[in-house]
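**Q** Sharing a structure below in structure tokens format, with a few things to ask.
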Amino acid sequence: MADASLLQELRGVRSDTPSVWFMRQAGRSLPEYRALREGTTMLDSCVRPDMAAEITLQPVRRHGVDAGIFFSDIVVPARLAGLGVEIRPGVGPVFDHPVRTEADIEALPPLGDDYEEALAPISEAVRLTVAELGTTPLIGFAGAPFTVASYMVEGGPSRDHLRTRALMRSRPDLWERLATWVAELSGRFLRAQVLAGASAVQLFDSWVGALGQEQYLEHVQAHSAAALAHVADLPVPRIHFGVGAAHLLLPMLGAGATAMGVDHRLRLDRALEVLPAGTPVQGNIDPAVLFTSEEARFAEARGVLEAGAAAAGHVVNLGHGVPPDTDPQVLTDLVAFLHSQRVARAAEAPEA
């Protein structure tokens, strides 16, 4: 598995042809996913090992991507720990009781042996998946402390995360306790996946772009670092990805990542000017091109390959997740196109 080209890229060793996977490659864009999930809630499907494994495998079979991404959700660890949370169709994760006061934080369940036992279905799902993937790597994942804690404070999705940002400023002591709890929650979730067979991990910080750099450094970086520290002693690449977080690339890398995901708002060559030499990158085809012509999609893909040519390692991905109404054939064709390309090295022109 260590010789898989995608893992080599994440370790800074270039291959001759691109490696690619897509965030949210498993899910609503696939008819086989919708058929399998019928009658089962999203969170229930995440904790059924046979179903989670099958959903993880579906896009690998269909698209021929170079890695599976473990099928789960960033709030699954909270549910396994005993919090009341559901994913409402058309809304997203919603917690039964928002966490906003000292009493709310005091009521958070301890993360002891009960939580470890609750992770058993996750470990089993990973083992089932890895057995089927063979030489294709599996990427484990978890939500970063800021994003998960924000859902908990807001009670659900939020456009501006005002309550979360206000809590950081008005009661930094409470924020510290909450974020510490979430870091332990997510970190142990990551570790369970790696110990069961995942070959890399990605920490998603979907909402971190709402923060300025000073806020991130003061209130968030240490907690993301604590989550990633749970797998730092294991021989797996650690990818860190944030949405709208071009201004946070360096501090996010400093949280303990070994590779940085970059969204579609920043060209990879510009990201490489900011990041230390030798940092592998991931990204960053604009998901919008999935709804354009094939000519436009392939031109975008060539542009991303060219922009990533100077990187020590580059894994091709979207700049965010696959939209649910994407035509699956578009993704299959895009993977085939990428695999047909020769990796453009620095100072070389991309292949036409």
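The values are calculated or read from the model by the stated rules, or taken from the named source; none is laboratory data. What you see is a predicted model, and the numbers here were worked out from it, not measured in a lab. Note: ideal-geometry Cβ built from the backbone for every residue, glycine included; neighbour counts use all protein chains shown. Protein only, heavy atoms only, side chains kept; ligands, DNA and RNA dropped before computing areas. Shrake-Rupley method; radii C 1.70, N 1.55, O 1.52, S 1.80 Å.
**Q** Given the chain, what percent of its DSSP beta bridges are antiparallel, to the nearest 5?
**A** Values: 4 of 25 bridges.
Here the antiparallel bridges make up roughly 15 percent for the chain.
**Q** If you compute mean projected area of the Cα convex hull in nm² for the structure shown, which of (i) 20.1; (ii) 34.1; (iii) 16.0 do you land on?
**A** Working out mean projected area of the Cα convex hull in nm² from the coordinates points to (iii).
**Q** Once both axes come from the Cα atoms, what is the angle between helix 172-195 and the longest principal axis of the chain, in degrees from 0 to 90, rounded to 10?
**A** It works out to around 50 degrees.
**Q** On to the next question. Read phi for every residue in the stretch 293-300 and hand back ³J(HN,Hα) as whole Hz from Karplus 6.51 cos²θ - 1.76 cosθ + 1.60, θ = phi - 60°, with x for Gly and Pro.
**A** For the stretch 293-300, the Karplus curve yields 6, 4, 4, 5, 4, 5, 5, 4 Hz.
**Q** In the neighborhood of Leu83, defined by Cβ-to-Cβ distances under 12 Å, what is the net charge if each Lys or Arg adds +1 and each Asp or Glu adds -1?
**A** That sum, taken over residues with Cβ under 12 Å, equals -2.
**Q** Under the rule of at least 5 residues apart or a separate chain, name every residue whose amide H is placed under 5 Å from the amide H of His314.
**A** Here Val281 satisfy the definition.
**Q** Rank Glu9, Glu294, Glu54 by accessible area, highest first, at a 1.4 Å probe radius?
**A** Working: Glu9 0, Glu294 90, Glu54 55 Å².
Final ranking, largest accessible area leading: Glu294, Glu54, Glu9.
**Q** Next question. 222 nm [θ] for the chain, helices only, -39500 (n - 2.57) per DSSP H run of 4+, per residue, to 500? List each step's numbers first, then the result.
**A** On the way: 17 runs with 161 residues, N = 352.
That calculation yields -13000 deg cm²/dmol at 222 nm.
**Q** In addition: What list of ³J(HN,Hα) values in whole Hz, one per residue of the stretch 41-49 in order, does the Karplus curve 6.51 cos²θ - 1.76 cosθ + 1.60 (θ = phi - 60°) give from phi, with Gly and Pro shown as x?
**A** In residue order, the calculated couplings are 5, 4, 5, 5, 5, 6, 10, 9, x Hz.
**Q** Give me the accessible area per residue for the chain, probe 1.4 Å, as a whole number in Å².
**A** Numbers: 13890 Å² over 352 residues.
Accessible area per residue, the chain: 39 Å².
**Q** Apply the Karplus parameterisation 6.51 cos²θ - 1.76 cosθ + 1.60, with θ equal to phi minus 60°, to every residue of the stretch 307-319 and state each ³J(HN,Hα) to the nearest whole Hz, in sequence, with x for glycine and proline.
**A** Result, rounded to whole Hz: 5, x, 4, 7, 6, 5, x, 9, 9, 6, 7, 7, x.
**Q** For Arg342 and Arg14 in the same chain, what is the full-extension length gain: residue separation times 0.36 nm, less their Cα-Cα distance, in nm? If you can, show how the numbers build up before the last one.
**A** Working: separation 328, 0.36 × 328 = 118.08 nm, distance 1.12 nm.
Length difference between fully extended and current span is 117.0 nm.
**Q** Over the stretch 40-279, what percent of the accessible surface lies on carbon and sulfur atoms, probe 1.4 Å?
**A** That share works out to 51 percent.
**Q** Could you state the number of Å between the C-alpha centres of the stretch 283-332 and the stretch 210-258?
**A** Rounded to whole Å, the Cα centres lie 24 Å apart.
**Q** Expressed as a whole number of Å, what is the distance separating the alpha-carbon centroids of the stretch 128-144 and the stretch 30-93?
**A** Between the Cα centre of the stretch 30-93 and that of the stretch 128-144, the gap is 13 Å.
**Q** Here's another thing I want to ask about it. Which far-off residues, 5 or more places away or on another chain, put their amide H under 5 Å from the one on Arg28, with H placed in the peptide plane?
**A** none
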